[in-house]
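The values are calculated or read from the model by the stated rules, or taken from the named source; none is laboratory data. Just so it is clear, the model here is predicted, and its values are computed rather than measured. Cβ sites come from the backbone with ideal geometry, for glycine too, and all protein chains shown count toward neighbours. Accessible surface areas use protein heavy atoms only, side chains included; no ligands, DNA or RNA. Shrake-Rupley method; radii C 1.70, N 1.55, O 1.52, S 1.80 Å.
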Amino acid sequence: MKVTVAEYAGFCFGVERAIKIVSDAAKVNENVTIYGPLIHNPQVVKELADSGVTVKKKLTDITPEMTVVVRTHGITINELEALKKRTTKVIDATCPFVLKAQTSAQNLSDEGFFVAVVGEAEHPEIQGIVSYIRGEYTVVAAPEDSVKLPWRSKYGLVAQTTQSEYVYQDVINILRGKCEDLNVAYTICSATHKRQEAALQLAGSADVMIVIGGRNSANTTRLYRLCKSVCERTYHIEAEEELNDGMFAGARHVGISAGASTPNKLVYDVRARILERAKKDE
Ligand code: SF4
């Protein structure tokens, strides 16, 4: 059985950067805390907890002696202001791609566009992005939602950084017919784009695809859905313990992909476990 890891899989630039920011902060400060989980990966969050870094989910839990790190997918403008009132030690680890999405939304709104944000309304990244919009806006989760939008003279489009390129393109095409002036901000991050392309390509030639990442990770879930659209036997797992023999019955080629918040070690542990199983069957 052949086992292939997608050309781009696992930790992205934004996550590596954020982990380094937290680790560096913990070396020189006591009482380092992250406001919300830094990234959507339970193993990484646990490792940071083991090194003494705490996670606080409520503003009221933040006290002045804390050094607070803002997570990769950002927070709302009001939360950021409130955090700064509770402690002077705020370090922003928001990924630059997320900052770009926030700025694009704000600029489009200031230029008079009705802003349509393509993503999941309840996702913290989207809540952060829309908080920068000063005018009217809507959040659309799928192309079907954009079909229902009314005609307007000016639409501005912003995507969640981990949005599928294909979904975004469909929404662009639909909104072209619903306004005079469409201004599209290209806010899908390059790490997401590369992971999606590589996963799709691999899924097209694999009998079984394993997608590794937190179940609460939006980008991992999108990778899973994309792979599933071309490879029926696609499984989303968080760790190697979830693998079982039934997943690989009769498979000759297994592909592995992983979300941007999945540590590379986890990817290679899963690969090793699959190869061990394959050897047993020989
Ligand atoms: S997936 Fe993209 S936007 Fe999200 S942290 Fe990584 S580089 Fe940044």
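General observations
- For region 130-168, a residue qualifies if it is closer than 17 Å to residue 196 by Cβ and assigned to a helix (DSSP H, G or I), and the qualifying residues are 143, 165, 166, 167, 168.
- Just one of the numbered conditions (1) within 16 Å of the ligand (Cβ to nearest atom); (2) without any contact (Cβ under 8 Å) to a residue 60 or more places away in the chain is not true of residue 39: (2).
- Given (1) open to solvent by less than 20 Å² (accessible area, probe 1.4 Å); (2) part of a helix (DSSP H, G or I); (3) more than 16 Å from the ligand (Cβ to nearest atom), index of the condition residue 15 fails: (3)
- Given (1) within 16 Å of the ligand (Cβ to nearest atom); (2) surrounded by 15 or more Cβ atoms within 10 Å (Cβ to Cβ); (3) not aliphatic (A, V, I, L, M), number of the condition residue 190 does not satisfy: (2)
- Unmet criterion (only one of (1) at pLDDT 95 or above; (2) of a type outside the set (A, V, I, L, M, F, W, C); (3) in a loop (DSSP other than H, G, I, E, B)) for residue 250: (1)
- Tally, over region 91-129, of residues that are without any contact (Cβ under 8 Å) to a residue 40 or more places away in the chain, assigned to a helix (DSSP H, G or I) and open to solvent by less than 50 Å² (accessible area, probe 1.4 Å): 3
- Total residues in region 65-90 satisfying the condition of being open to solvent by less than 90 Å² (accessible area, probe 1.4 Å) and assigned to a loop (DSSP other than H, G, I, E, B): the figure is 9.
- Unmet requirement for residue 218, which otherwise passes all of (1) of a type in the set (A, V, I, L, M, F, W, C); (2) over 26 Å from residue 124 (Cα atoms); (3) open to solvent by 10 Å² or more (accessible area, probe 1.4 Å): (2)
- Look at (1) within 14 Å of the chain's Cα centre (by Cα); (2) under 30 Å from residue 104 (Cα atoms); (3) modelled with pLDDT of 90 or more and you find that residue 171 fails only one, number (1).
- Of residues in region 174-206 being among the hydroxyl-bearing types (Ser, Thr, Tyr) and at pLDDT 95 or above, the one farthest from residue 217 (Cα to Cα): 205
- The single condition among (1) aliphatic (A, V, I, L, M); (2) more than 16 Å from the ligand (Cβ to nearest atom); (3) in contact with a helix residue (DSSP H, G or I) (Cβ under 6 Å, 6 or more places away or on another chain) that residue 69 does not meet is (2).
- Whichever residue in region 202-247 is in a helix (DSSP H, G or I), of a type in the set (A, V, I, L, M, F, W, C) and within 16 Å of the ligand (Cβ to nearest atom) and, among such residues, is nearest to the chain's Cα centre (by Cα): 218
- Number of positions in region 169-187 that are buried (at least 21 other Cβ atoms within 10 Å of the Cβ) and either away from the ligand (no atom under 16 Å from the Cβ) or in a helix (DSSP H, G or I) (or both): 2
- Of the residues 72, 60, 103, the single one that is over 16 Å from residue 161 (Cβ atoms) and not assigned by TED's automatic domain parsing to the domain that holds residue 217 is 60.
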